[in-house]
Amino acid sequence: MPPDKDKNRKGPSNPRDPQDRRNFIYYYGLALLVVLLLNWFVFPRMFEPPVELTSYSEFLSHVEKGEVAAVDLQPNQIVYRIGEGEETRLYKTGVVEDPGLAERLQQADIPFAAEIQETPNVFLTLLLSYGIPILFFIIIGRMIARNMAGKMGGGGLSFGGGQTGKMYVPDDSDKKSFADVAGQDEAKESLLEIVDYLARPQRYEAVGARCPKGILLVGPPGTGKTLLAKAVAGEAHVPFFSISGSEFVEMFVGRGAARVRELFDQANKKAPCIVFIDEIDTIGKKRDGGVIGNDEREQTLNQLLAEMDGFEANNGVVILAATNRPETLDPALLRPGRFDRQVPVELPDLNGRVAIFRVHAKGYQMEEGIDYDLLGRATAGASGADIANIVNEGALRAVRMNRNKVSQADLEESIEVVIAGQQRKNAILSDEEKRIIAYHEIGHALVAAKQTGSAPVHKITIVPRTSGALGYTMQVDEEEKSLVSKNDAFRKLATYAGGRAAEALVFGDITTGAANDIQQMTRVARAMITQYGMSDDFGMMAIEEQTNPYLQGGTVTNASQETLKDVDDQVKALVQKAYDTAYGILAEHRPLLDRLAEYLLEKETITGKEFMDIIEPERSETENETI
Ligand code: ADP
Ligand code: MG
Ligand code: ZN
């Protein structure tokens with residue numbers, strides 16, 4: 001790359017922003033003013049020895065006693081000194097019409113009308129009273145400036161200048177490669193092209209192909225976007241500049257734009273390289289959105305757009321950006337020539353989760369024969385970051401239990417910890433409460449087991465969790481499902497209802513224990529009716545829309561008030577139907593319910609296999625029945 005490609009850039013080449021220079025002048029102007037005021041009003045008083053006020057007669061008596069060392073006859077006061085050196089004391093008194101005074105002083109051999117204080121060195125005075133304070137302010141100013149630059153990741157020295165963006169050159173210890181990113185095969189494939197381009201640009205130039213300038217990684221939090229960007233740098237062996245959108249926001253007004261310019265200045269010098277802007281949504285929001293504009297953010301965004309247009313394609317700088325809210329981005333950012341390529345980084349599927357478990361397990365001492373497949377199936381919906389966390393929690397548990405290898409049980413337990421909170425060992429439950437909880441949980445499990453097509457029960461426990469859950473029934477799907485049918489969804493509703501139905505059936509009373517089930521049920525039932533067209537009345541009418549596909553954002557409602565009332569009625573009816581179904585199943589299998597509940601009460605935690613062993617004989621008898 002020719003070193004003079006900077007010429008092609010738009011905007012002033014002076015790295016110091018005019019805004020900065022203004023700040024700079026304000027700062028030193030203010031400092032100078034403070035020094036002057038101090039010198040005029042404060043210091044003179046501080047350095048003068050205190051002067052005592054006396055009467056004229058006192059003065060005369062001092063003169064007579066021969067104590068006075070020198071007298072300064074000023075037009076409106078007489079200042080005199082007693083003693084020498086350290087002992088010096090100054091007095092002053094008013095002027096009295098006394099023509100004989102001069103003579104008396106002469107006789108007493110007291111120097112008068114002379115300067116009492118020695119004239120200090122003028123140069124030294126200036127230095128002390130102006131030089132040192134100014135120096136002091138300069139040092140403070142520098143320290144502040146450096147601090148700010150430091151916060152923004154640079155090691156800048158001058159006020160307002162400074163470097164931008166952490167330059168992250170992958171070293172051996174923190175080097176990431178594509179092997180560290182599990183799953184995400186499509187994303188890796190898209191990025192492989194970039195790696196190849198950065199490593200061998202000539203091939204592309206020869207054909208005349210232009211590499212995309214900007215690539216946007218979009219996906220939910222914790223799916224490995226930042227990790228992927230680092231892996232690209234690691235694979236391509238090029239410098240990597242990274243800055244987070246949120247870092248721009250905390251800066252002074254006007255600084256954001258300057259940062260962007262400096263960042264691209266540096267990147268251009270280091271090309272080929274990667275510039276990574278994390279959380280770009282914080283600066284790239286749509287500009288016309290709010291009533292009160294955010295000037296600072298707009299300036300920063302405009303500067304970013306200008307920079308992206310400014311450099312030619314194929315100059316070796318590739319910009320990666322990550323966001324989990326692509327829908328909020330300004331359309332200008334997404335048009336061709338800017339971030340024109342989007343790489344989705346989705347939540348991992350079953351294979352992806354298994355692979356992520358395996359990648360993270362490499363960093364720990366694992367027992368032989370861990371069933372990664374099962375772990376993957378038990379963690380549907382978890383992100384890569386969640387899985388990394390689960391593996392680490394499992395390792396911590398192994399240490400707590402004085403083992404030097406992480407076991408399958410550790411990992412399964414930590415899945416529950418991450419999902420349901422820590423086990424609460426000392427929670428005190430009365431026997432009656434435990435009985436209710438056991439029936440509640442078996443209610444869920446039995447309803448699930450008795451409906452063909454429900455996910456098999458993996459584990460049931462009535463050991464309370466710190467999250468507040470008193471029991472827990474874990475179902476693990478055999479294989480991953482991308483589509484949920486109407487019957488699946490209804491079976492799920494009935495399974496949720498199973499807890500409450502068991503309580504009502506067995507105890508004739510109901511408890512607060514079903515609060516969470518009720519929430520989940522209502523959510524699923526509502527989504528079935530308003531989003532998935534699974535109601536009889538509305539058919540395929542969309543009543544609600546999901547606003548943010550990546551962050552479980554809210555929903556917007558498109559329907560009228562009357563329709564919404566109908567929706568409520570239908571949700572109510574659907575939930576009721578699910579409850580009735582659950583109640584029916586449990587009533588029919590009441591002896592089995594009792595037997596299972598007793599067993600769970602005794603064991604506190606039972607596995608899916610133990611559970612199935614108890615219901616198996618009965619199951620074979622009633623195999624033909626369907627619900
Ligand atoms: P994002 O930037 O998408 O929010 P990160 O890249 O910061 O997520 O991921 C956080 C952590 O989660 C990573 O450091 C890594 O340990 C783990 N992680 C996430 N996705 C994956 C993945 N696909 N493979 C391996 N580890 C992952
Ligand atoms: Mg990130
Ligand atoms: Zn429940």
Using 7 Å Cα-to-Cβ label points, what is the residue 609/residue 334 separation (nm, one decimal)? 5.1 nm
Rh_Kirkwood(region 431-618) over Cα pairs, Å, one decimal, evaluates to 17.5 Å
Over all directions, how big on average is the projection of the convex hull of the alpha-carbon atoms in region 443-532, in square nanometres? 6.6 nm²
Of the listed peptides 347-353, 336-342, what is their order by residue-averaged count of other C-beta atoms within 10 Å, with the highest listed first? 347-353, 336-342
For residue 69 and residue 364 in the same chain, what is the full-extension length gain: residue separation times 0.36 nm, less their Cα-Cα distance, in nm? 97.5 nm
Excluding same-chain pairs closer than 8 in sequence, count the lysine pairs in region 431-618 whose Cα atoms lie under 19 Å apart. 16
Counting just the Cα atoms, what span does region 350-420 cover along each of its three principal axes? Round to the nearest Å and put the largest first. 31, 25, 17
Quick check of the Kirkwood formula: for region 49-114, what is the inverse mean of 1/r over all pairs of different Cα atoms, in Å? 11.8 Å
Between residue 602 and residue 92, 0.36 nm times their residue separation minus their Cα-Cα distance comes to what? 173.7 nm
Highest to lowest packing among 89-95, 255-261, scored as the average C-beta count within 10 Å: 255-261, 89-95
Assuming R0 = 60 Å, what is the FRET efficiency of residue 399 and residue 200, from their Cβ-Cβ distance, to the nearest 0.05? 0.80
By average C-beta atoms within 10 angstrom, highest first, the peptides 361-367, 470-476: 470-476, 361-367
Given 0.36 nm per residue, what is the gain on full extension from residue 132 to residue 39 after removing their alpha carbon distance, in nm? 32.3 nm
Could you give the dipole magnitude of region 350-420 about its Cα centre, charging the beta-carbon of Lys and Arg +1 and that of Asp and Glu -1, in debye to the nearest 20? 200 debye
With each label point set 7 Å from Cα along the Cα-Cβ vector, what nm distance links residue 546 and residue 560? 2.9 nm
Rg and Dmax of region 170-236 over Cα atoms: what are they, in angstrom? 12.8, 39
I want to check the label-to-label distance for residue 28 and residue 479. Put each point 7 Å from Cα in the C-beta direction and report it in nm to one decimal. 7.4 nm
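Read-outs: derived from the displayed coordinates by stated rules, not from any lab. Keep in mind that what you see is a predicted model, and the values were worked out from it rather than measured. Don't worry about glycine lacking a Cβ; one is built from the backbone with ideal geometry, like all the others, and counts go over all protein chains shown.
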